[in-house]
Amino acid sequence: MDPTIYLKDSLNIIAQSLKLINSGQTFFYRVIALQLRLILCDTMRLHDEVIDISLIRRIEPNIQLHSILVDADRTIDPETLSLENWLSTPLPGTKDEPFTICKLIRQVCDTDGGAHVDQRANLIFPPNYREWIIRLAGSVLSDLKKYQR
């Protein structure tokens, strides 16, 4: 099936989830995290090799996303980054053990109910991680608006 159809569906799911969050159903950040993973950083293993199967790489392999400034006013920087650099951006407040955008998305999916639940007590999330998922969703929707229907 055409990956563009899945991308459009994922972007619509994110947009609807943001509306639900704004109406008080804040737990939809988990749905957003799963869609962000499908779009930006999904992988599979084949013969011990990690293969990127993210939707955006199949559609637009050299995609550039707007970097997100991590300053207090939470503005979006006009500079764009490659997907690899964007996903590698560390979140604020995680200096001892840097938490990148990709690690945040994957951890919410893998342990916090996006796709799986892992209740180990030693799991660590960055401060305001739910808000970061929501903020990342808004940025991705903005950058990928040409794929929305």
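The values are calculated or read from the model by the stated rules, or taken from the named source; none is laboratory data. Keep in mind that this is a model prediction, so the values were computed, not measured. Positions of Cβ are generated from backbone atoms using ideal geometry, with glycine treated the same way; all protein chains shown enter the neighbour counts. Keep in mind that these areas ignore ligands, DNA and RNA; they rest on the heavy atoms of the full protein, side chains included. Shrake-Rupley method; radii C 1.70, N 1.55, O 1.52, S 1.80 Å.
Worth pointing out:
- 5 angstrom amide H check on D112, placed H, neighbours 5+ away: D118
- The residue list V140, H47, S10 was ranked by how far each Cα lies along the charge dipole of the chain toward its positive end, using unit charges on Cβ atoms, and S10 comes out on top.
- Estimated FRET transfer efficiency (V117, Q64; beta-carbon r; R0 30 Å; 0.05): 0.30
- For H66, the amide hydrogen comes within under 5 Å of the amide hydrogens of L81, counting only partners 5 or more places away or on other chains and with H modelled in the peptide plane.
- Using C-alpha pairs below 8 Å separated by at least 6 residues, the relative contact order for the chain is 26 percent.
- The simple spin-label model puts a point 7 Å past each Cα toward its Cβ; for K8 and N85 those points are separated by 3.2 nm.
- Heavy-atom accessible surface of the chain: percent carbon and sulfur, 1.4 Å: 53
- Rh by Kirkwood over Cα pairs, then Stokes-Einstein D for the chain at 1.306 mPa s and 10 °C, µm²/s: 100
- Calculated accessible area for segment 1-64 comes out at 57 Å² per residue, all protein chains present (probe 1.4 Å; ligands, DNA, RNA ignored).
- Over the chain, DSSP H runs of length four or greater, each weighted -39,500 (n - 2.57), average out per residue to a 222 nm ellipticity of -13000 deg cm²/dmol.
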